[in-house]
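First the structure, in the form of structure tokens, and then the observations on it.
The values are calculated or read from the model by the stated rules, or taken from the named source; none is laboratory data. Quantities reported herein were computed from a predicted structural model and do not represent experimental measurements. Note that we place each Cβ from the backbone using ideal geometry, even for glycine, and neighbour counts take in every protein chain shown. The protein model used for the area step is the full one, side chains on, heavy atoms only, and it has no ligands, DNA or RNA in it. Shrake-Rupley method; radii C 1.70, N 1.55, O 1.52, S 1.80 Å.
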Amino acid sequence: MTYPDTYYSRTLTERKERPALSGSVDCDTVVIGGGLAGLTTALQLARAGQKVVVLEAKSVGFGASGRNGGFVSAGYATGVEQIARMSSAETARQLYLMSIEGVDFVRDTIVRLGISGADPVDGVTSVMRYDDGAGMRSHASEVRRMYGQQLEYLDMVRVRQNLKSARYFHGLRDRRAFHIHPLNYLRGIADEIERLGGVICENSPAVSTDLAPYRKQVRTSKGTVMARTVVFATGGYTGGLNPRLRRAMLPIATYVMVSEEAPQLIASAITTRDGIGDNRRAGDYYRLVDGGRRLLWGGRITTRAASTAGLVQELRREMCNTYPQLRDLKTELAWSGLMAYARHLMPQIGEMQPGVWHCTAFGGHGLNTTAIGGKVVAEAILGQSDRHHLFAHFGLDWAGGVAGLAVAQLTYWKLQAQDWWRERAA
């Protein structure tokens, strides 16, 4: 298997290796990319009886899908108000409901397939780093009215009972949301695809395509897949295979670290198993793993390769500023991964040409949104729904190349500065 050294790769529940593509294979649909979007698409197609082939350049879940924070909670990387401005209020409402559906889809899949290694833990809490309880209560009321979403308001006393930090004031808890071991979840889906007759080829990067109208071909170094339909689901590791798709997204790196085993020290600061994210637009996220014995902490983004060790020092500084009692908590392991972001900060889902689909740009959206994206593409291929049209406003616009990366980094620094001033002005 080809995985970076992460907490997830170290705690796999099984280590099955899948052979590379060899020779010529015929199928109904070939999916390029074995991350969450691609595997969910393949799963839904296989459930409907299609013959599916998945081509993965490394190992299933090698990219961001298998090394993220593991959060499964409603919403997108941008707010509903911005989505409505880019589309319409009704489209924004339906898209948000779809993200909630994605939460249920991931949970139901874990139960239905019996993926014990996914280790789902209920509860995600968003905490505020300045004093605006009225605003949080108003937001909870609004999402209940608009979407039927039940968010529990937590006042400062309740927040600090679980999170012993002077940085936090109020919180909103989503008991329907949860967090998981994403790599074990992905490998559980892969097993089910194969049980249903699908084929997954690892270490099989696609090197060229012929996207003719009636019979399409995807070639690797050792084989060829012929199919009626092709799905590109390559995320932050998209190369030059599909230039239009590559130009439409920015590969953004994010960073995660896991602590040593120190349950008593961690409990001096954090006494909840909820996943935690702060309200900043460039905030941190963290959760207890390994049965509460370790702390997983993520955050920070860069638009070019950066020293993971250097970024870990920034993550540690943030962790210790939030929880001074954790200064002696050692970091045992750290890693980074590339996420795909579009300039409009929404997923890119649709049909590029007849029989050629894309399902990508899920950076910052959470596992639920990535999963529901794959489900929507499968529905469209099967003729079951046209829900993919909800994403029509968020197309494959040029992301700006090197200039786009520079703008993204400047925007990130600007958001950090705005968050800093807002906290101190409150």
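Tabulated values for the structure
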| item | result |
| --- | --- |
| Selection count, the range 353-407, where residues are under 27 Å from Asp210 (Cα atoms), part of a helix (DSSP H, G or I), modelled with pLDDT under 95 and under 22 Å from the mean Cα position of the chain (by Cα) | 0 |
| Long-range neighbours under 8 Å by Cβ, at least six apart or interchain, first residue closer than 18 Å to Leu163 by Cα and touching a residue at least 12 places away in the same chain (Cβ under 8 Å) within the range 248-267, second in a loop (DSSP other than H, G, I, E, B) and open to solvent by 20 Å² or more (accessible area, probe 1.4 Å) | Ser259/Lys330; Ala262/Arg293; Ala262/Lys330; Pro263/Arg293; Leu265/Asp328; Ile266/Arg293 |
| Pair list, Cβ < 6 Å and 6+ apart or interchain, from the range 371-393 residues that are aliphatic (A, V, I, L, M) to residues that are assigned to a helix (DSSP H, G or I) and open to solvent by 30 Å² or more (accessible area, probe 1.4 Å) | Ile372/Glu101; Val376/Arg387; Ala378/Gln44; Leu390/Gln94 |
| Cβ-Cβ under 7 Å pairs, at least 6 apart or on other chains, the range 155-173 side closer than 17 Å to Ala269 by Cβ and charged (D, E, K, R), far side open to solvent by 60 Å² or more (accessible area, probe 1.4 Å) and assigned to a strand (DSSP E or B) | none |
| Some residue of the range 134-149 being open to solvent by less than 30 Å² (accessible area, probe 1.4 Å) and in contact with a Gly (Cβ under 7 Å, 6 or more places away or on another chain) | no |
| Number of positions in the range 300-328 that are closer than 21 Å to Arg10 by Cα and either open to solvent by less than 10 Å² (accessible area, probe 1.4 Å) or aliphatic (A, V, I, L, M) (or both) | 2 |
| Enumerated strands (runs of 3 or more DSSP E) restricted to the range 151-232, each holding at least 2 residues that are more than 30 Å from Val60 (Cβ to Cβ) and either open to solvent by less than 20 Å² (accessible area, probe 1.4 Å) or not β-branched (Val, Ile, Thr) (or both) | 151-154, 171-179 |
| Hits in the range 322-339 (condition: more than 18 Å from Thr271 (Cα to Cα), at pLDDT 95 or above and either in contact with a Gly (Cβ under 8 Å, 6 or more places away or on another chain) or of a type outside the set (A, V, I, L, M, F, W, C) (or both)) | Lys330, Thr331, Glu332 |
| Selection from the range 93-148 of residues that are of a type in the set (S, T, N, Q) and outside any helix (DSSP H, G or I) | Thr125, Ser126 |
| Count - residues of the range 28-51 that are touching a Ser or Thr at 6+ places or on another chain (Cβ under 6 Å) and either under 18 Å from Phe105 (Cβ atoms) or at pLDDT below 95 (or both) | 5 |
| Residue among Arg107, Arg112 that is free of Cβ contacts under 8 Å to residues at least 24 places away in the same chain and surrounded by fewer than 21 Cβ atoms within 10 Å (Cβ to Cβ) | Arg112 |
| Members of the range 268-282 that are touching a strand residue (DSSP E or B) at 6+ places or on another chain (Cβ under 9 Å), more than 18 Å from Asp119 (Cα to Cα) and either open to solvent by 20 Å² or more (accessible area, probe 1.4 Å) or of a type in the set (Asp, Glu) (or both) | Thr271, Asp278, Asn279 |
